[in-house]
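The values are calculated or read from the model by the stated rules, or taken from the named source; none is laboratory data. The shown structure was predicted, so the numbers you read here are calculated from the model rather than taken from an experiment. No Cβ is skipped: glycine too gets one built from the backbone with ideal geometry, and neighbour counts run over all protein chains shown. To get the accessible areas, we keep the full protein, side chains included, count just its heavy atoms, and leave off ligands, DNA and RNA. Shrake-Rupley method; radii C 1.70, N 1.55, O 1.52, S 1.80 Å.
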Amino acid sequence: MKKIFFMVAVFLSVAATAQVTNVTIQASGLTCSMCSNAINKAIKSLDFVDKVEANIKKSSFDISFKPGTTVDFDKLKMKVEDAGFFVAVFTATINFDNMTVQNDTHVNAGSNTFHFLNIKGQTLNGNKTIRILDKGFIPAKEYKKNSSLTKMQCYKTGEENGKRIFHVTI
């Protein structure tokens, strides 16, 4: 019983310390500062967003979050789409605490489950930037190409046993 409790405590401490520190979204289809402003306003409307810095030349948005809040990657993507644009690149900087990852495996990190693709086995410590490879987070052509990186069904569905799975690379 003590062994099981210890294993659960270790798992929860690792999961709780994987905190999203910021996200960068590059949008496609932007043509002017009004387009950028529409995305900026949409993202700022999310309750967990603290600050959004737009880079018009790169069509990107650096997003920081309110302390102690849960970051929802799907809601961020939806806000870009609701503003009339598409996500071309979605990266998240996450503070990992000694988390071991392997290629084509799932890892619980805070409130998210990540399926790492096209990586070498390693231990993640400190701030690391991951790129989300799911449908809608990258161009359709790239999404289709990445489907060869795994045989797991969750890449197509985005979930496993009713839980959201984010497919990522480093």
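Give me the accessible area of E142, 1.4 Å probe, in Å² rounded to the nearest 10.
Here the residue's solvent-accessible area equals roughly 50 Å².
Please get the size of the charge dipole for the chain, origin at its Cα centre, with Cβ charges of +1 on Lys and Arg and -1 on Asp and Glu, quoted in debye to the nearest 20.
Roughly 280 debye for the chain.
Over the alpha carbons of region 41-170, what is the largest minus smallest coordinate on each principal axis, giving the biggest first in Å?
Here the spans come out as 38, 33, 31 Å, largest first.
On the protein heavy atoms, probe 1.4 angstrom, tell me the percent of accessible surface of region 13-128 carried by carbon and sulfur.
Reported share for carbon and sulfur atoms: 47 percent.
How many Å² of accessible area per residue for region 94-152, probe 1.4 Å?
Heavy-atom SASA per residue in region 94-152 reads 53 Å².
Quick one: which residues, 5+ away or cross-chain, put their amide H under 5 Å from the amide H of K58? H built at 1.01 Å from N.
none
In region 80-170, with Lys and Arg counted as +1 and Asp and Glu as -1 at Cβ, which of these residues, T169, T93, S148, has the Cα nearest the positive end of the dipole, that is, farthest along it?
S148
Given a cut-off of under 8 Å on Cα pairs at least six residues apart, what relative contact order in percent is computed for the chain?
Relative contact order for the chain comes out at 23 percent.
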